[in-house]
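Every read-out reported here was derived from the displayed coordinates using simple, explicitly stated rules and does not represent laboratory data. Just so you know, these numbers come straight off a predicted model, no measurement behind them. Methodologically, a virtual Cβ is constructed for each residue, glycine included, from the backbone with ideal geometry; neighbour enumeration extends over all protein chains shown.
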Amino acid sequence: MADPNGFMSFPRKDAPKRPVDERLGDWREVYAALAPSERDTQVRKQATRCMDCGIPFCHSGSAGCPLGNLIPEWNDLVRRGDWELASERLHATNNFPEFTGKLCPAPCEAACVLAISPDSGGAVTIKRVEETIAEVSWDNNYVEARVSAVSSGKRVAVVGSGPAGLAAAQQLTRAGHEVTVFERDDRLGGLLRYGIPEFKMEKKVLDRRLAQLRAEGTKFVTGCEVGGSGLSVEELRASFDAVVLAVGALQGRDAPDIPGRDLKGVHLAMEHLVPANRECEGDGPTSISAAGKHVLVIGGGDTGADCYGTATRQGALSVTQLDQYPKPPDVRDDARSPWPVWPVVLRTYPAHEESGERRFAVAVSRFIGDSDGHVRLVELQKVRVERDPATGLRSVTPVSDDVEAIPADMVLLAIGFEGVEQMPLLDGLGLSLTKRGTLSCGSDWQTSAPGVFVCGDAHRGASLVVWAIAEGRSVANAVDAYLTGASDLPAPVHPTALPLAVV
Ligand SMILES: Cc1cc2nc3c(=O)[nH]c(=O)nc-3n(C[C@H](O)[C@H](O)[C@H](O)COP(=O)(O)OP(=O)(O)OC[C@H]3O[C@@H](n4cnc5c(N)ncnc54)[C@H](O)[C@@H]3O)c2cc1C
Ligand code: SF4
């Protein structure tokens, strides 16, 4: 039984980070690698803070973890030092706990009962415990290839190798199907590879999981655009009994209406992040470096923070991140986002501690270029964002005529994604996008094309790694049932599942 007083005995302690000077000198992960014994001792104390609540909100799919991670169970196993069983219980619900342990914003922690009141000392460091169980599992060879003992004789194509496609592929391979993952990029991993920077998750972490999938029998084909030059829709349909679309929602949102958008030096975020990640992979220097430049990042989310940290490491003269919304509070405002929903609070990423400046309630009114047509200045105005309660439409209005000009030689638009890219594959399958730019499906994850299923960002819209894995696991259950009549594979989420929210 868990220690009900643990949270009073031990304060919350997050994973230590490397000193800023050190981490700006390389691309490695920002977190410090503690000696295993020190790490394990610290994390066991953190796991002891878990009360094993009668109703563990951390584990709930709607407010907490979409994967239904067995958080109190493995917290207690870690408290007792039984890392091997903790690993088994963690992998029972999550194919890739090191990805979520490193990358997840942790809705489980926001929903932890210890997050109700600051007097409790803060939520259990669930993410840190998860990441440590995963690392201990790799260190001690608890992670093994689980090769299926049976073969269904059925062939499944997974299109896209991001976390959704990889989770679906691993589940279906383990269920005995012959699975081939097709990826149009030259390397596997989707946004884990070319979106998320090395300093958030080193790619060797992805590569060791891919080796496990290969050893289990999943086949991979890279540099193959399905529906395009790689594999025609006719070949796809003729060669496979089922198809899973895990093609992401990679259509970047642009700002074509801002005067000066066409100037050189104004880029979509992914135009900056992809070549920066390629440089880390050894593909040579990026053509879009922030070195020696004043950089302006437009957009306050994850992607913006990744551009921010990347520009800092590339040697930017200055980095400024703009957000149209006012600065959120530092602590949860119970009227606006009561526990256990995801709190509207100021999110400070490690990149923000390193350098630069964030500005809130401002928007760009104009980009100004030099005689060579290169952006040099940006005009800003203070703004107010309002949402029409009737239509839900958002409007951004200047609060005065005052304009401020700030230097910017490089502008990165990190203002979100519009949905799935238009691609020949969709036309070939007779599929069209919803108004939200996503692919819809029935309660069995099947699109309107028979035998074609969808999961991850392509279905949900730009979201999170944890949701991609949860949808990949769930679609695998549906495909397995479609191919064999029934499935024992877990299905943690329904296609209509949404996080609990105040509307
Ligand atoms: C910069 C950035 C940072 C992020 N940081 C975080 C974070 O810290 N934490 C977090 O939880 N989430 C983060 N996210 C979100 C997260 O990365 C995504 O939600 C997740 O990767 C979605 O997984 P997916 O498998 O659905 O799609 P993706 O990862 O987008 O993968 C889709 C893949 O499909 C391939 N593909 C598309 N069409 C075809 C075709 N026709 N043929 C073959 N292949 C095709 C693409 O090349 C791509 O590799 C971030 C996103 C971005 C952009
Ligand atoms: S809500 Fe927090 S304290 Fe309760 S079981 Fe989950 S992690 Fe432990």
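Within the set of other residues whose C-beta is less than 13 Å from the C-beta of Ser229, count the net charge using Lys and Arg as +1 and Asp and Glu as -1.
Net charge in that neighbourhood comes out at -1.
Can you order the peptides 401-412, 76-87, 175-186 by their average number of other Cβ atoms within 10 Å per residue, highest first?
Result, highest mean first: 175-186, 76-87, 401-412.
Give me the distance in nm between label points sitting 7 Å out from Cα along the Cα-to-Cβ direction at Val385 and Val147, one decimal.
5.2 nm
Can you pull the one-decimal nm distance between simple spin-label points at Leu85 and Ser37, each 7 Å off the Cα toward Cβ?
Here the modelled spin labels are 2.5 nm apart.
Choose one of Gly430, Ala408, Ala470: the residue whose Cα lies farthest towards the positive end of the charge dipole of the stretch 360-503 (beta-carbon charges +1 Lys, Arg; -1 Asp, Glu; about the Cα centre).
Ala470
Based on DSSP, what percent of beta bridges with both residues in the chain are antiparallel, to the nearest 5? Intermediate results must be reported in sequence, preceding the final value.
Details: 20 of 53 bridges.
So the antiparallel bridges in the chain amount to around 40 percent.
Considering only C-alpha atoms, what is the centroid distance from the stretch 431-450 to the stretch 90-120, in Å?
30 Å
Would you work out if the stretch 69-223 is rounded, prolate or oblate? Take a ≥ b ≥ c from the square roots of the eigenvalues of the alpha-carbon gyration tensor; rounded if a/c is under 1.5, else prolate when a/b is larger than b/c, oblate otherwise. Working shown, then result.
Values: a/c = 2.27, a/b = 1.62, b/c = 1.39.
In terms of gyration-tensor shape, prolate.
Calculate the FRET efficiency for Gln422 and Arg366 from the Cβ-Cβ distance with a Förster distance of 30 Å, rounded to the nearest 0.05.
Details: r = 30 Å, r/R0 = 0.99.
With a Förster radius of 30 Å, E is 0.50.
Past 20 Å, Cα to Cα, is the threshold; run Lys17/Lys127; Lys154/Lys203; Lys264/Lys435 against it and keep the listed order.
From the list (Lys17/Lys127; Lys154/Lys203; Lys264/Lys435), the Cα-Cα distance tops 20 Å for Lys154/Lys203; Lys264/Lys435.
Based on the Cβ-Cβ distance of Val399 and Lys435, what FRET efficiency does E = 1/(1 + (r/R0)^6) give at R0 = 41 Å, to the nearest 0.05?
Calculated transfer efficiency: 0.85.
Expected output is a single nm value to one decimal: the length gained when fully extending between Ala501 and Ser9, i.e. 0.36 nm times separation in residues minus the C-alpha distance. What is it?
Full extension of this stretch gives 173.9 nm more.
Rounded, prolate or oblate for the stretch 156-268? Axes are the square roots of the Cα gyration tensor eigenvalues, ordered a ≥ b ≥ c, and the cut-off for rounded is a/c under 1.5.
Note, shape of the stretch 156-268 comes out oblate.
Taking the Cα centroid of the stretch 334-360 and of the stretch 48-68, what is the distance between the two, rounded to the nearest whole Å?
The stretch 334-360 and the stretch 48-68 have Cα centres spaced 22 Å from each other.
Kindly list the residues of the stretch 168-200 that lie in the label zone of Glu235, defined by a backbone N under 18 Å from the point 7 Å along the Cα-to-C-beta vector.
Output list for this probe position: 179-187.
Test of understanding: express the Cα radius of gyration of the stretch 83-148 as a ratio to 2.2 N^0.38 Å, with N the residue count.
Dividing the Cα Rg of the stretch 83-148 by 2.2 N^0.38 Å gives 1.26.
Take the alpha-carbon centre of the stretch 233-283, take the same for the stretch 287-306, and report the distance between them in whole Å.
Cα centroid to Cα centroid, the span is 17 Å.
From the phi of every residue in the stretch 413-428, what ³J(HN,Hα) in whole Hz does the Karplus formula 6.51 cos²θ - 1.76 cosθ + 1.60 yield, where θ is phi - 60° and glycine or proline is x?
Computed from phi, the couplings for the stretch 413-428 are 8, 10, 10, x, 10, 8, x, 5, 5, 5, 8, x, 4, 5, 4, x Hz.
Would you mind working out the magnitude of the charge dipole of the chain relative to its Cα centre, with +1 at each Lys and Arg C-beta and -1 at each Asp and Glu C-beta, to the nearest 20 Debye?
Working: 53 positive and 67 negative charges, 103 e Å.
Dipole about the Cα centre, nearest 20: 500 debye.
Determine the dipole magnitude for the stretch 276-415: charges of +1 sit on the beta-carbon of Lys and Arg, -1 on that of Asp and Glu, nothing else is charged, the reference point is the Cα centre, and the result goes in debye to the nearest 20.
300 debye
Using 0.36 nm times the number of residues separating Glu357 and His374, minus their current alpha carbon distance, what extension gain do you get?
Separation in residues times 0.36 nm, less the Cα-Cα distance, equals 3.8 nm.
If you take the square roots of the eigenvalues of the alpha-carbon gyration tensor of the stretch 276-415 and sort them as a ≥ b ≥ c, do you get rounded (a/c under 1.5), prolate (a/b over b/c) or oblate? Show your work: numbers first, answer last.
Working: a/c = 2.29, a/b = 1.34, b/c = 1.71.
Oblate, since a/c reaches 1.5 and b/c is not below a/b.
If R0 is 30 Å, what FRET efficiency do you get for Asn140 and Val221 from their C-beta distance, rounded to 0.05?
0.35
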